[in-house]
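What follows is a short report on a single structure.
The values are calculated or read from the model by the stated rules, or taken from the named source; none is laboratory data. Since this is a predicted model, take the numbers as computed values, not measurements. Backbone-built Cβ (ideal geometry, glycine too); neighbour counts: all protein chains shown. We work out accessible area using only protein heavy atoms, side chains counted, and drop any ligands, DNA or RNA first. Shrake-Rupley method; radii C 1.70, N 1.55, O 1.52, S 1.80 Å.
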Amino acid sequence: MEIITDIPALRARLQRESAIAFVPTMGNLHEGHLSLVRLAQKKADCVVASIFVNRLQFAPSEDFDQYPRTLADDCKLLQNQGVNVVFAPDEKGIYPEPQEFLLEPPPLANTLEGEFRPGFFRGVMTVVLKLFNIVQPQVTVFGKKDYQQLQLVRAMVRQLNLPLEIIAGETARASDGLALSSRNRYLGSEERAEAVRLHRVLSEIKHAVGAGNRNFLQLCKNAHENLASHGWEVDYIALQQRDTLAPAGVDDPDLVVLAAARLGKTRLIDNLEVSAGA
């Protein structure tokens, strides 16, 4: 495995590859990231993983400086998984001058996560497009855990005519159902035991909708109250159309329930795809 930190060296290395699968990450890797790597390995002989904590997607009040950076451990995991190239640039490499050209995402980016993290997706889409231009992969793998991000990236690829296939990886979970996340390490022991409630309330909504319940607002309200009564600060719980992330209609068959909530100082997100029952 090669670890490359600058763009010219990466481009020179990748010139001899006919097919590249790309897994962009912010590091602090766990089994969820490795599951995306395994998907990428099924699509191309050369797998590139990037590790870069993107300042543009963090608000001034968020945890950019505290975000865990574990490059040496990450590289060991990626090497053991058989990754060919790790691209680990510094901030000056990605942003050699102030980034005045920013990719403005569509109105979807101002809902759900975007409502509570203004400008977040502008930063995400800008760095993702830069990474696509740098690596020039044929396939890129994103996880479904960041469901809104996945749908925005898909839309960007379609609308900008990028020669790129987006593959979606299922959310990796702990044995009790908690979605794996780099931010889970912020949880204390009691918070970790409580954190599974987020997945539990989403599962209850999924089962209710699958059984034919169409009172979507009440289902989300009940889940919100359940979390709040156990000390959570809830940003949103919403049932949306799966492809567009527009609010779900009673006749829509393919849905997704998404949630974000804070437990102590840790903000967790999760989602489950839902098939509406008769």
Give the angle, between 0 and 90 degrees and rounded to the nearest 10, that separates the Cα long axis of helix 216-228 from the longest principal axis of the Cα atoms of the chain. 80 degrees
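Taking all protein chains in place and a 1.4 Å probe, what share, in percent, of the accessible surface of the chain do carbon and sulfur account for?
50 percent
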Within the stretch 137-165, the residues whose backbone N lies under 17 Å from a label point placed 7 Å from the Cα of ASP243 along the Cα-to-Cβ direction are 148, 150-159
Compute the angle between helix 71-81 and the longest alpha-carbon principal axis of the chain, please, reported from 0 to 90 degrees and rounded to the nearest 10. 90 degrees
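Could you calculate the contour length gain from LYS221 to SER275, that is, 0.36 nm times the residue separation minus the distance between their Cα atoms, to one decimal place in nm? Present the calculation step by step, with values, prior to reporting the outcome.
Details: separation 54, 0.36 × 54 = 19.44 nm, distance 1.96 nm.
Gain on stretching LYS221 to SER275: 17.5 nm.
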Accessible area per residue of the chain at 1.4 Å probe, in Å²? 48 Å²
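When the chain is fully extended, how far beyond the present Cα-Cα distance does GLU31 get from GLU115, taking 0.36 nm per residue of separation?
Values: separation 84, 0.36 × 84 = 30.24 nm, distance 2.91 nm.
Working it through step by step, the gained length comes to 27.3 nm.
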Which one, TYR186, GLN81, ASN28, projects farthest toward the positive side of the charge dipole computed for the chain from Cβ point charges (K/R +1, D/E -1)? GLN81
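Taking the Cα centre of the stretch 56-95 as the origin, how large is its charge dipole in debye, to the nearest 20, when only Lys and Arg (+1) and Asp and Glu (-1) carry charge on their Cβ atoms?
On the way: 3 positive and 7 negative charges, 43 e Å.
My answer is approximately 200 debye.
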Nearest-10 value in Å² for the accessible area of MET26, using the 1.4 Å probe: 40 Å²
For the stretch 115-221, size of Cβ-based charge dipole, Lys and Arg +1, Asp and Glu -1, in debye: 200 debye
Given springs between every Cα pair under 10 Å in a Gaussian network model of the chain, which of LEU162, LEU263, LEU150 has the largest fluctuation? LEU162
So the FRET efficiency between ARG16 and GLU100, C-beta based with R0 = 45 Å and rounded to 0.05, is 0.85
Give me the accessible area of MET125, 1.4 Å probe, in Å² rounded to the nearest 10. 10 Å²
